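Quick notes on the structure that follows.
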Amino acid sequence: MKGKTILVTGTGQGIGCALVHVLHSLGAKVIAVARRPESLAQLKAECPNIETICVDLSNWDATKAALKDVPPLDGLVNNAGVAVIKPFEEITEKDFDDNFNVNIKAVFNVTQTLSPKLKSGSSIVNLSSLAGQRSFAGHSAYSASKAAVDSLTKSLALEFGPRKIRVNAVNPTVILTKMGRDHWSDPAKANGLLSHIPLRRFGEVSEVNDAIIFLLSDKASYVNGTTMLLEGGYSAS
């Protein structure tokens, strides 16, 4: 990663914030994108050499304007996402739009805007979810948005491959971010899902970021168009 320029979206918390710290420690030139200025200010204080861009990715035109002066890139991580989880009958139009505007529409817009900036040999990593390939109660809109991310990943792998740009996705199950711990700390809720995971545990943020770093790196130079499951064997059960 040393000397590579990597743009990461959704860096205000969780996986994206931790990824910036890892990339910074490895000597990458990181451009961190988030919608809350206070989060970016804290991240900048912790990683002084990074650049920051504050924009709400659900705003199509504002996103294009905010990213227009980004320098040439070696990597792009489309990490920003939202999860509105409700029973199907309770999902409103706003809930549906919130899932799709960030989880897929923003990925499309950011990647399209930055496409001319991507160097030959660069890598795009999209943050998807196991929910994009498996069904879970209450996840109908969220799962549909992540299935769209998986489909877009494969389409872009075909279109960008001749430019020597690789496009892959990572598809985690529950990851123990602060939000993940808050939502899955109740054994009564967690045990049902854990019983389908052969490793009998949820994933750690570091394990997701290890996969992202691998896909960004030259060690994954022949990995293209994949959706990498990070789910402890759930799909094998």
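List of remarks:
- Residues being closer than 29 Å to Ser221 by Cβ and either assigned to a helix (DSSP H, G or I) or at pLDDT 95 or above (or both) - total across the range 132-165: 21
- Filtering the range 108-129 to residues that are outside any loop (DSSP other than H, G, I, E, B) and surrounded by 23 or more Cβ atoms within 10 Å (Cβ to Cβ) leaves Val110, Ser122, Ser123, Ile124, Val125, Asn126, Leu127.
- Across the range 85-110, the qualifying residues are those that are β-branched (Val, Ile, Thr), more than 17 Å from Thr227 (Cα to Cα) and within 16 Å of the chain's Cα centre (by Cα), and the one among them that is modelled with the highest pLDDT is Val110.
- Filter pass, Phe136 being within 27 Å of Lys105 (Cβ to Cβ) and exposed (fewer than 15 other Cβ atoms within 10 Å of the Cβ): yes
- Only listed residue being out of contact with any Pro (no Cβ under 8 Å at 6 or more places or on another chain), part of a strand (DSSP E or B), of a type outside the set (Phe, Trp, Tyr) and touching a residue at least 12 places away in the same chain (Cβ under 8 Å), chosen from Asn168, Asn224, Asn209: Asn168
The values are calculated or read from the model by the stated rules, or taken from the named source; none is laboratory data. All of these numbers come straight from a predicted model, not from anything done at the bench. Methodologically, a virtual Cβ is constructed for each residue, glycine included, from the backbone with ideal geometry; neighbour enumeration extends over all protein chains shown.
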